[in-house]
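Trainee: Take this structure first; my questions come after.
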Amino acid sequence: MTATYSLSDEEKEFAHMVRQFADDVVAPKAYEADRTKTLPLDVVRQMGELGLFGLPFPEEYGGQGGDYFALCLAIEALARVDQSIAITLEAGIGLGAMPVFLFGTEEQKQELLPELLAGHALAGFGLTEPGAGSDAGATRTTARLQDGEWVLNGAKQFITNSGTAITRFVTITAVTGETDGRKEISTIIVPNGTPGFTVEPGYDKVGWHASDTHPLTFVDARVPEANLLGQRGRGYANFLHILDEGRIAIAALSTGAAEGCLEAAVDYAKTRLVFGEPLASRQNTQFVLARMHLRVHNARLAWHYAARLRDAGQSFKTAAAIAKLTASDAAMDNARDATQIFGGNGFMNEYPVARHFRDSKILEIGEGTNEVQLLVIARALGIA
């Protein structure tokens, strides 16, 4: 049911390939991974072999030389069947490898990117704290220079891909000083296993059970001064750039989730008999399914537009906010409608729509809440 408008022949072929991988490899393991709350690293490895983790990066670092649009096509295809796997790819690239590629030194790129782009390693990004996220001024994690090393103290929370068996490092924001009375926020690379750096036990989450998510603590953790990522004092500004790109990817993920719900609901409505007739024969059900299709259509158009702007080097901040808002709402609304169509079966976790219902709520929260997206859009109108 995936629409192919605005896609080149090569993009259509690629989207079909990832969709087939999702159906044949990811989907059969999705329920057990969700039930056991375990990220299937064999699936991650196969994604690496397909080149998915290297999609938007140059070949010189082991990438595929593709664009951001191709990455979003892959994320959408995966999210149809398993949001946890889709977010593992999205975060592995957007929060793990992309900051190094965009802001790292040549030495950091050569050292860190090849493993990440091959899918042999994962990395996380630590921005959010118990009392700070979008509010950079509330950041409390500190990093002070002492004898050529950064000494880190503080805590981070909700950090994706931070505690897997193949996680190599996390990049964190920390206060490195003050400028004109304002906190100076920088980003620093912290390898896993650094003394004083603890990956705490994973969260008991409502959804995304197979996605790896942990709180982190730092108690006099020391890393070399050279582990500074990007210009000192530009850490938060750099992360905002990453966040804008991430909103497009989350929109693609949300679109995939919305489509997965639609596909499941259509199939179920055709075969479920009610008083001797298929549920799909009832006009009310037809209208619900039609609206679900409408949401998928609009969500896909929105992220396609934002991704094309990004790859063309044009301003995409507002388009990304619109795409994220439109698509995440579509995912949550479609999950609710699909669950209703499934009735009691929709409340059983072995059915994908039940997992989508639990998983989709975070799409309205992560990568900037939908209220933040409305604020971004209002600012573009000059009214906020």
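Trainee: What ranking do 343-349, 293-299 get when scored by the average of other Cβ atoms within 10 Å per residue, highest first?
Mentor: 293-299, 343-349
Trainee: Which one of Lys156, Lys317, Lys29 has the biggest mean-square fluctuation once the chain is modelled by GNM with Cα springs under 10 Å?
Mentor: Comparing Lys156, Lys317, Lys29 in a Gaussian network model of the chain, the most mobile one is Lys29.
Trainee: Let me ask you something else. As a check on your grasp of the helix formula, calculate [θ] at 222 nm for the chain: sum -39500 (n - 2.57) over DSSP H runs of n ≥ 4, divide by the residue count, round to the nearest 500.
Mentor: Helices in the chain give a 222 nm mean residue ellipticity of -15500 deg cm²/dmol.
Trainee: Sorting Ile188, Ile383 on the 10 Å Cβ count, fewest up front, what's the list? Numbers along the way, then the final one.
Mentor: Working: Ile188 26, Ile383 7.
Placing the least packed residue first, the sequence is Ile383, Ile188.
Trainee: Taking loop as defined by DSSP and a crowding limit of 14 other beta carbons within 10 Å, which chymotrypsin sites (Phe, Trp or Tyr not before Pro) in region 233-333 fit?
Mentor: Phe275
Trainee: Relative to the first principal axis of the alpha-carbon coordinates of the chain, what is the inclination of helix 235-271, with its axis defined by its Cα atoms, in degrees from 0 to 90 and to the nearest 10?
Mentor: Its long axis makes an angle of about 20 degrees.
Trainee: Taking the chain as the reference, fit the longest principal axis to its C-alpha atoms, fit the long axis of helix 370-380 to the helix C-alpha atoms, and give the angle between the two in degrees, 0 to 90, nearest 10.
Mentor: For 370-380 against the chain, the angle is about 70 degrees.
Trainee: How large is the dipole of the chain about the Cα centre if only Lys and Arg carry +1 and Asp and Glu carry -1, each at its Cβ, rounded to the nearest 20 debye?
Mentor: Here the size comes out at about 1040 debye.
Trainee: Can you sort Glu364, Glu13 so the residue with the fewest Cβ neighbours within 10 Å comes first?
Mentor: Glu13, Glu364
Trainee: Can you give me the Cα centroid spacing of region 324-364 and region 108-175 in angstrom?
Mentor: 31 Å
Trainee: Can you tell me the order of 103-112, 247-256 when each peptide is scored by its average per-residue count of other Cβ atoms within 10 angstrom, highest first?
Mentor: With the highest mean Cβ count within 10 Å placed first, the list reads 247-256, 103-112.
Trainee: Name the residue from Cys72, Phe14, Ala30 whose Cα lies farthest towards the positive end of the charge dipole of region 9-121, charges +1 on Cβ of Lys and Arg and -1 on Cβ of Asp and Glu.
Mentor: Highest projection toward the positive end goes to Ala30.
Trainee: How high is the relative contact order of the chain, in percent, counting Cα pairs under 8 Å that sit 6 or more residues apart?
Mentor: Relative contact order comes out at 16 percent.
Trainee: Cβ neighbours within 10 Å, averaged per peptide: list 78-89, 327-338, 213-224, 191-202 in order, most packed at the top.
Mentor: Highest-to-lowest ranking by the protection proxy: 78-89, 327-338, 213-224, 191-202.
Trainee: Considering only the other residues whose Cβ falls under 11 Å of the Cβ of Tyr61, what net charge follows from Lys and Arg at +1 and Asp and Glu at -1?
Mentor: -4
Here, each number is a calculation from the coordinates, and none is a lab measurement. Computed from a predicted structure; not experimentally measured. Counting neighbours? That spans all protein chains shown, and the Cβs are built from the backbone with ideal geometry, glycine included.
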